[in-house]
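Let me begin by presenting the structure, written as structure tokens, before commenting on it.
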Amino acid sequence: MMTMDFTRNQVLFAFALTLFAGLSTGVGSVLAFYTKQTDKRFLSAALGFSAGVMIYVSMVEIFFKARESLGEVYGDTRGVCHGGRNYDVHFIG
């Protein structure tokens, strides 16, 4: 079984990020609840931006995990080449 050792600063940093994300969600919902009129252009742009950020973060995380796994199978140089090529073919189009 693996043990994970975290320093106090790492735990506090993770807690602060989580708290910031939760408070941001709360502030956004309060703003949405108390506004009188909905601007559909702003809402669509904000949703598009947030979706783009989520897709970007997911793809970057998948890319580095894939590159690491392929590096173990094919070696460092070929693994990076295969990871980059597969990323280009599947996600960029």
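The values are calculated or read from the model by the stated rules, or taken from the named source; none is laboratory data. Keep in mind that this is a model prediction, so the values were computed, not measured. Methodologically, a virtual Cβ is constructed for each residue, glycine included, from the backbone with ideal geometry; neighbour enumeration extends over all protein chains shown.
Here is a list: L70, L31, L43, L23. Which entry is in contact (Cβ under 8 Å) with a residue 12 or more places away in the chain and more than 17 Å from the chain's Cα centre (by Cα)?
The unique qualifying residue is L70.
Look at L12 and say whether it is in a helix (DSSP H, G or I) and either surrounded by fewer than 10 Cβ atoms within 10 Å (Cβ to Cβ) or in contact (Cβ under 8 Å) with a residue 12 or more places away in the chain (or both).
no
Within region 77-90, is there a residue that is exposed (fewer than 10 other Cβ atoms within 10 Å of the Cβ), of a type outside the set (G, A, S) and either modelled with pLDDT of 80 or more or out of contact with any strand residue (DSSP E or B) (no Cβ under 8 Å at 6 or more places or on another chain) (or both)?
yes
Of all residues in region 15-56, how many are outside any helix (DSSP H, G or I) and surrounded by 10 or more Cβ atoms within 10 Å (Cβ to Cβ)?
1
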